[in-house]
Amino acid sequence: MEKKKFYMTTAIAYTSAKPHIGNTYEIVLADAIARHKRMEGFDVFFCTGTDEHGQKIEEKAEAAGVTPKAYVDKVSGEVRKIWDTMNTTYDYFIRTTDVPHEKVVQKIFKKMYEKGDIYKSEYEGMYCTPCESFWTESQLVNGCCPDCGRPVQPAKEEAYFFKMSKYADRLIQYIEDNPDFIVPESRKKEMINNFLKPGLQDLCVSRTSFKWGIPVDFDPKHVV
Ligand SMILES: [Zn+2]
C-alpha cells in the first residue's frame, strides 16, 4: 500500500544575524512532529531553510566589509550547523539564494504580472536620505529614523504590487468551507476577524532603493 504523504515546513530563518533560541525552538518542535508522523507510517517531507534577501542584509554585509552573498553563506551555514547539532531530520534545506528558487520566483512574478495580479504603482513611506531607507509610521522612533535618529521625509518609490485585496472574499469562503484548513479554531478566527474581514491591502512586492533581491527579469532595476 502506498504511504500517505505528509508535508511540513518551518518558517525559514532570516539571515541578517546569528540564529537565536526562537529559531532553534521551532525546528526542534517541527522535528518532533516529523518523527511522530514517520512512526505513524506517513511518507514525510520536512522542509526548512534560510531567507537571505533584503535591505537589512545588504547593510549588514556592507558594514562587515563582505558581499551580501558571502554574508548569507556564513549565516546560513551557521543555521544549518545548529540544525545538524540538534540532530533534526529535515529532508530539504532551501536557501532563497538558490538558483532554482530564484528562477521560479522570476517565472511566477512574470506570470502574475501578465495576468494582471501584479501591477506597477508607487510605494509611499517615510524616507531617511542618509540611510537610503523607507520606514512605516509605526517603525519611526519619536518621528525619526529608527537607525540613525535623523528626521525623515514622506517619499514615493516606483514599485510592483500584488493584488491581494482581490482574494479576501475567496479566502474567507474557502476557510469557512474547509473547517480543518486552519487549526486551532482560535487561529482561524484571528485570521478571519483581524486580517481578512477588515480587508486585505495590496502588497508591495518589489523595491528599487536597494539591490540585494531577486531581479525582476523584465524590469531589472526592481528586485523582489
Ligand atoms: Zn537614518
Exercise. Could you grab me the full set of residues in segment 132-170 that are of a type in the set (A, V, I, L, M), surrounded by 14 or more Cβ atoms within 10 Å (Cβ to Cβ) and over 19 Å from residue 219 (Cβ atoms)?
Key: 140, 152, 155, 164, 168
Exercise. State which residue pairs qualify: first residue aliphatic (A, V, I, L, M) and inside segment 128-155, second residue away from the ligand (no atom under 11 Å from the Cβ) in any location, beta carbons under 7 Å apart, and separation of 6 or more residues or different chains.
Key: 155/125
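For the subset of segment 13-44 comprising residues that are among the β-branched types (Val, Ile, Thr) and within 19 Å of the chain's Cα centre (by Cα), which member is surrounded by the most Cβ atoms within 10 Å (Cβ to Cβ)?
15
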Quiz item: Across segment 163-193, what is the number of residues that are touching an Asp or Glu at 6+ places or on another chain (Cβ under 7 Å) and basic (Lys, Arg)?
Solution: 1
Self-check item: Subset of segment 95-131 (residues that are surrounded by 12 or more Cβ atoms within 10 Å (Cβ to Cβ) and within 15 Å of the ligand (Cβ to nearest atom))
Solution: 125, 126, 127, 128, 129, 131
Practice problem: Give the residue that is nearest to the ligand (Cβ to nearest atom), with candidates limited to residues of segment 132-174 that are closer than 25 Å to residue 109 by Cβ and among the basic types (Lys, Arg). | Solution: 156
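Values quoted throughout were computed directly from the atomic coordinates according to the rules given, and no laboratory measurement underlies them. Just so it is clear, the structure is predicted and the values come from calculations on it, not from any experiment. Every residue, glycine among them, receives a Cβ derived from its backbone with ideal geometry; neighbour counts consider all protein chains shown.
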